[in-house]
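First comes the structure, then the notes that go with it.
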Amino acid sequence: MAGLRGSSAPVPREDSERIKLPRIRRKTSQPELAPMAEVHQKNISKYENDGVVPSALTLKTIADALKVTTDYLLGSQREDAIQDKVLLKYLREVDNMPDDMRQAIIKVLDACVRDAKTRQAYVYADR
């Protein structure tokens, strides 16, 4: 497997949480993340709990699997930063619109998000 080695230098606790938190938010277990990251599950545990730093290649693979940036995993970007460039472009345009138009778009987005969450809840309930 590629990228099995990482530095054994300890990492501050908050940095090791940068893998664990998005993994949990995406309802992905360590055993599920391991093959996506091309490492053994024990390594995922070491990255999250023991402060072991993954190699650059492994870090990139983990970031891709968790749909976060390597900058986020390295601590220089917030997880909630918008990654989708097209979405970000539209949100910037909406942000510059008059308040009444912006509020109308927010209501439509709210309804779409609520509908998507409801559908997702039914998918999880059927499992």
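Values as computed for the structure displayed
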quantity: Candidate lysines - alpha carbon under 25 Å from LYS67, same-chain residues fewer than 8 apart omitted; calculated: LYS20, LYS27, LYS42, LYS46, LYS85, LYS89, LYS117
quantity: Value of D in µm² per second that Stokes-Einstein yields for the stretch 85-125, Kirkwood Rh from Cα pairs, at 20 °C (1.002 mPa s); calculated: 186 µm²/s
quantity: Order by protection proxy (mean Cβ within 10 Å, highest first), peptides 35-42, 21-28; calculated: 35-42, 21-28
quantity: Highest to lowest packing among 49-60, 112-123, scored as the average C-beta count within 10 Å; calculated: 49-60, 112-123
quantity: Added length on full extension, which subtracts the Cα-Cα distance from 0.36 nm per residue, SER76 to LEU109; calculated: 9.0 nm
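Every number here is computed from the coordinates shown, using simple stated rules; none is lab data. Just so it is clear, the model here is predicted, and its values are computed rather than measured. No Cβ is skipped: glycine too gets one built from the backbone with ideal geometry, and neighbour counts run over all protein chains shown.
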